[in-house]
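The values are calculated or read from the model by the stated rules, or taken from the named source; none is laboratory data. Please read all numbers here as calculations on a predicted model, not as lab measurements. Cβ placement follows ideal geometry from the backbone for every residue including glycine, while neighbour counts extend to all protein chains displayed. Please note that ligands, DNA and RNA were not included when accessible areas were found on the heavy atoms of the full protein model with its side chains. Shrake-Rupley method; radii C 1.70, N 1.55, O 1.52, S 1.80 Å.
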Amino acid sequence: MSQVHVMDHPLIQHKVSLMRDRETGPKEFRELLNEISMLMAYEVTRDLPLKTVEIETPICRAQTQVIAGKKLAIVPILRAGLGMVDGITSLVPAAKIGHIGLYRDPNTLEPVEYYCKLPADAQEREILLVDPMLATGGSASAAIGFLKKRGCRNIKLVNLIAAPEGVARVQEDHPDVDIYVAAMDEKLNDHGYIVPGLGDAGDRLFGTK
Ligand code: PRP
Ligand code: URA
């Protein structure tokens, strides 16, 4: 069974609360998502392997640690996942970026794929699949399926807000994928929205409603 990491650092909780507020407009919403994504990236990358290298400081030669092993790829689920990319790349500028286009059919709540473009060496990279909302889990589970179909094996899912239903769905479909969230909410409503949630993340991010 995969692990669920809830990153409830006070700064993250404070910023998530501001994002939830219906009075928060797109500019501030984007800035907050950016800041939270950067804070989450710090935790998500905690277990990156290190290797020892020898360098020369102004004082002496020294053995120090740098990141080794697999490189990262960030894969946002379009559209709302785009809002998490800049915050993460500000900490990991060498990461490559792929895109998966999915939307949730409003009637069936089933994910529909419309785009997929990954780095050529995605299979050799650790993938951070990012999307602010994990609701029914349909979109995330399908996106992980697409990544696996294209040979990716080392995948972490990073969400801002998750519903228990979405976590359970991803854990059942993909027990090898750990999930990192800033907040675990109570439930879904009858329309598949997270309660209390923050509404439609894509619309709030891009001001489309
Ligand atoms: C939202 C969100 C997730 C999905 C979550 O995207 O960004 O991708 O819904 O719901 P699920 O867990 O029930 O699948 P949406 O389909 O609204 O598309 P958008 O990002 O283009 O607004
Ligand atoms: N997608 C969103 O943007 N918000 C939700 O609460 C559920 C799905």
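Report yes if some residue within the stretch 128-136 is touching a Phe, Trp or Tyr at 6+ places or on another chain (Cβ under 8 Å), modelled with pLDDT of 95 or more and closer than 28 Å to residue 9 by Cβ; otherwise report no. Reasoning before the result, please.
Step one: filter the stretch 128-136 for residues touching a Phe, Trp or Tyr at 6+ places or on another chain (Cβ under 8 Å), giving 135.
If we keep only those that are modelled with pLDDT of 95 or more too, we end up with 135.
Going one step further and asking which of them are closer than 28 Å to residue 9 by Cβ, we end up with 135.
Checking the stretch 128-136: at least one residue is touching a Phe, Trp or Tyr at 6+ places or on another chain (Cβ under 8 Å), modelled with pLDDT of 95 or more and closer than 28 Å to residue 9 by Cβ.
Considering only residues that are farther than 14 Å from residue 77 by Cβ and touching a helix residue (DSSP H, G or I) at 6+ places or on another chain (Cβ under 6 Å), look in the stretch 153-173 and name the one that is least open to solvent (accessible area, probe 1.4 Å).
Taking the candidates together, the pick is 173.
Which residue pairs have Cβ atoms under 8 Å apart, sit 6 or more places apart or on different chains, and have a first residue in the stretch 1-28 that is open to solvent by 70 Å² or more (accessible area, probe 1.4 Å) and a second that is of a type outside the set (Asp, Glu) and in a loop (DSSP other than H, G, I, E, B)?
Taking only residues 6 or more apart or on different chains, the pairs are 1/175; 22/199.
Taking the stretch 178-209, which residues are of a type in the set (Asp, Glu) and either surrounded by 20 or more Cβ atoms within 10 Å (Cβ to Cβ) or more than 10 Å from ligand 1 (Cβ to nearest atom) (or both)?
Quick first cut of the stretch 178-209, residues of a type in the set (Asp, Glu) only: 178, 185-186, 190, 200, 203.
If the condition is that a residue be of a type in the set (Asp, Glu) and either surrounded by 20 or more Cβ atoms within 10 Å (Cβ to Cβ) or more than 10 Å from ligand 1 (Cβ to nearest atom) (or both), then 178, 185, 186, 190 are the ones that fit.
Could you list, in sequence order, all residues of the stretch 110-159 that are more than 11 Å from ligand 1 (Cβ to nearest atom), touching a residue at least 60 places away in the same chain (Cβ under 8 Å) and in a helix (DSSP H, G or I)?
147
Identify all residues within the stretch 44-77 that are open to solvent by less than 30 Å² (accessible area, probe 1.4 Å) and either in contact with a helix residue (DSSP H, G or I) (Cβ under 7 Å, 6 or more places away or on another chain) or part of a strand (DSSP E or B) (or both); write none if there are none.
Residues satisfying the conditions are 62, 72, 73, 74, 75, 76, 77.
Where residues in the stretch 167-192 are out of contact with any strand residue (DSSP E or B) (no Cβ under 9 Å at 6 or more places or on another chain) and part of a loop (DSSP other than H, G, I, E, B), which of them is farthest from ligand 2 (Cβ to nearest atom)?
From the stretch 167-192, those out of contact with any strand residue (DSSP E or B) (no Cβ under 9 Å at 6 or more places or on another chain) are 168, 172-173, 175, 190-191; that's our starting set.
Next cut, part of a loop (DSSP other than H, G, I, E, B) only: 175, 190-191.
On the way: 175: 23, 190: 12, 191: 8 Å.
The extreme case among them is 175.
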